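Peer 1: First, the structure itself, so that you have it in front of you.
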Amino acid sequence: MAEDEYDYIFKVLLIGNSDVGKSSLILRYVDQIWNDVFVPTIGVDFKVKSIEVDKKLVKMQIWDTAGQERFRNVISSYFKGAHGILLIYDITSRESFKELENWLGEVERHASSQVLKILIGNKCDLEEKRAIQKDEGEAFAMRNGMQFIETSAKNNTNVSEAFEALAKIMVESSNKRNAIKIEKKNIKVEKGADLNVKKKNCC
Ligand code: GDP
């Protein structure tokens, strides 16, 4: 298949506090890289990963906030046109978990109301330093209508599963929206056809 052939193209964002592991998750998923000492800045706006979902080719543009999460006014531009969001906290950091409410607020303010979200508790390899129990993550996700997955970019636990779960719900949602569009179009055509009939009959 040619480079530019795909069935779906989605813009995906990773958001959450600094140091929760956003760049590490992207590098692990897209480039299969783990670097314990130094996480290179991604250096480009986004990375592209193509996968198959239900026999369809899905191209994901995966955006990192590249450390700019500290400048909340800059971040609004990242949300434009996003289809999916991985909202990330660090299971060893209560602070990063507390900030989730604020991040959801940013999503509400800047993203489309149809954007799909999954909650990620990263660094699940650090069990001995765990500050947020799995139940607590699960409950937060449920309250906010999201799926929940714990990951480790370091041990490569559930990383592709997290991105693929998001891809799956983006495909499902896109299919649903298209079906509604087609249905609306058909209704319009039917109405138009009706009008023509009436016109013909009336004169
Ligand atoms: P970002 O600021 O959210 O992009 O976070 P980074 O990807 O730069 O990671 C911040 C720090 O956490 C780095 O020292 C990473 O090596 C470390 N880190 C990231 N993911 C994991 C993980 O799953 N497990 C562990 N133990 N450390 C991680």
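Residues are listed down the side, and each one gets a yes or a no for (1) among the basic types (Lys, Arg); (2) closer than 22 Å to Gly121 by Cβ; (3) at pLDDT 95 or above:
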site: Tyr6; (1), (2), (3): no, no, no
site: Asp19; (1), (2), (3): no, yes, no
site: Lys22; (1), (2), (3): yes, yes, no
site: Phe38; (1), (2), (3): no, no, no
site: Gly43; (1), (2), (3): no, no, no
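Peer 1: Would you please name the residue that is farthest from the ligand (Cβ to nearest atom), looking only at residues in the stretch 80-110 that are touching a residue at least 60 places away in the same chain (Cβ under 8 Å), outside any strand (DSSP E or B) and of a type in the set (Gly, Ala, Ser)? Step through it out loud before you land on a result.
Peer 2: So in the stretch 80-110, the residues touching a residue at least 60 places away in the same chain (Cβ under 8 Å) come out as 81-90, 93, 95-96, 99-100, 103, 106-107.
Those still in the list that are outside any strand (DSSP E or B) too: 81-83, 93, 95-96, 99-100, 103, 106-107.
Remaining after also requiring of a type in the set (Gly, Ala, Ser): 81-82, 93, 96.
Details: Gly81: 21, Ala82: 17, Ser93: 10, Ser96: 9 Å.
Ranking the candidates gives Gly81 first.
Peer 1: Picking from Gly81, Gly105, Gly67, which residue would you name as being open to solvent by 10 Å² or more (accessible area, probe 1.4 Å), at pLDDT below 95 and closer than 17 Å to Met142 by Cα?
Peer 2: Gly105
Peer 1: For the condition under 18 Å from Met60 (Cβ atoms), open to solvent by 50 Å² or more (accessible area, probe 1.4 Å) and out of contact with any strand residue (DSSP E or B) (no Cβ under 6 Å at 6 or more places or on another chain), what is the one hit in Gln114, Gln133?
Peer 2: Values: Gln133 fails: under 18 Å from Met60 (Cβ atoms).
On inspection, the qualifying residue turns out to be Gln114.
Peer 1: If we keep just the residues of the stretch 84-102 that are of a type in the set (Asp, Glu) and within 21 Å of Asp64 (Cβ to Cβ), which is least open to solvent (accessible area, probe 1.4 Å)?
Peer 2: Asp90
Peer 1: Restricting attention to the stretch 160-174, report how many residues are open to solvent by 70 Å² or more (accessible area, probe 1.4 Å) and over 19 Å from Val48 (Cα atoms).
Peer 2: Count: 1.
Peer 1: Continuing with this model, one more query. Under 9 Å between Cβ atoms, which residue pairs at least 6 apart in sequence (or on different chains) link something in the stretch 27-38 that is under 17 Å from Leu13 (Cα atoms) with a partner that is of a type in the set (Lys, Arg) and within 11 Å of the ligand (Cβ to nearest atom)?
Peer 2: Arg28/Lys154
Peer 1: Give Ala162, Ala131 a once-over and let me know the one that is within 16 Å of the ligand (Cβ to nearest atom), more than 19 Å from Leu25 (Cα to Cα) and at pLDDT 95 or above.
Peer 2: Ala131
The values are calculated or read from the model by the stated rules, or taken from the named source; none is laboratory data. Being a predicted model, the structure only gives us computed values, none of them experimental. Note that we place each Cβ from the backbone using ideal geometry, even for glycine, and neighbour counts take in every protein chain shown. To get the accessible areas, we keep the full protein, side chains included, count just its heavy atoms, and leave off ligands, DNA and RNA. Shrake-Rupley method; radii C 1.70, N 1.55, O 1.52, S 1.80 Å.
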